[in-house]
Amino acid sequence: MVKESKIPDATIERIALYSRPLERLLQKGEQLVSSERLAELCNVNPAQVRKDLSYFGEFGVRGIGYDVLDLLQEIRKILVSDREWKMGIVGIGNLGMALVENANFAKRGYKFVAAFDVDPQKIGKELPCGLVIQSVENLKILRQDLGIEVGVIATQPSQAQSAAEMLIEADIKGILNFSPVQLRQPEGCLLENVDFSVKLDDLAYHLSKVE
């Protein structure tokens with residue numbers, strides 16, 4: 001049972017992180033894992049693992065650990081990754097192509113069902129994954145026909161805000177923005193900005209401290 005208090009975003013991110021080593025352990029045939037080992041595999045503190053999981057109920061047995069399969073299944077339920085999420089992407093440049101062709105998304109339940117662009121020379125072309133690039137003008141009707149729930153933005157910076165507005169107008173409730181522009185948080189829609197340059201700046205700062 002999830003507690004009523006708001007769960008920190010950092011906790012949700014770590015919960016997602018825990019699923020990766022659990023999947024690898026399961027593939028190796030391992031049935032049990034301790035909080036200490038899971039923490040080591042994720043480079044966090046064992047107490048943090050236990051605290052994060054406690055937001056969602058009681059897991060594992062003291063002195064024995066967690067059942068790998070059971071914990072992985074519970075985490076998938078928590079993250080609602082035990083179902084398929086249909087995604088549409090706006091912007092089929094180098095980044096957009098790399099995202100669409102990344103098979104790991106589909107393995108985790110995130111399936112690209114539509115690709116959109118504003119470039120007339122790209123519209124109508126078939127991608128290696130089988131999707132045909134559509135005009136953004138078709139976004140609203142295809143959102144309804146295909147059941148798109150998540151919109152991904154991989155456009156040029158100058159086009160990012162208009163892409164977000166078109167996704168919102170199409171009644172898409174979740175947006176993941178990969179363009180290097182911090183988009184405004186819209187009402188009635190969840191938006192996550194993913195800026196690689198910010199991550200690089202953070203990495204460069206910490207690297208400078210160890211030189």
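Bear in mind that the values in this text are calculations on the coordinates, not laboratory data. As the structure is a prediction and not an experimental result, all values here were calculated from the model. When we count neighbours, we look across all protein chains shown, and the Cβ atoms used for this are built from the backbone with ideal geometry, even at glycine.
Before moving on, here are some points about what is shown:
- P(r) tail for segment 105-181: Cα pairs beyond 16 Å make up 50% of the total.
- Taking the convex hull of the alpha carbon positions in segment 1-125 and averaging its projected area over all directions gives 9.8 nm².
- Dipole magnitude of segment 85-198, debye to nearest 20 (Cβ charges: Lys/Arg +1, Asp/Glu -1, about Cα centre): 320
- Projected over every direction and averaged, the convex hull enclosing the alpha-carbon atoms of segment 9-78 yields 4.1 nm².
- Here the Gaussian network model covers the chain, with springs between Cα atoms less than 10 Å apart; of LYS173, LYS199, LYS86, LYS199 fluctuates the most.
- Proximal lysines relative to LYS173, as straight alpha-carbon distance under 17 Å, when same-chain residues fewer than 8 apart are discounted: LYS86, LYS111, LYS140
- Cα centroid separation - segment 144-180 against segment 103-140, whole Å: 12
- The chain, dipole about Cα centre (Lys/Arg Cβ +1, Asp/Glu Cβ -1), debye to the nearest 20: 420
- For the chain, adding -39500 (n - 2.57) for each run of n ≥ 4 DSSP H residues and dividing by the number of residues yields -13000 deg cm²/dmol at 222 nm.
- Under 5 Å between amide hydrogens, built in the peptide plane, is the criterion, and for GLU30 it picks out nothing among residues at least 5 positions away or on other chains.
- Taking mean projected area of the Cα convex hull in nm² as calculated from this structure, the corresponding entry among [x] 12.7; [y] 10.1; [z] 14.8 is [z].
- Between LEU191 and ILE175, the built amide H atoms are under 5 Å apart, and every one of these is 5 or more places off in sequence or on another chain.
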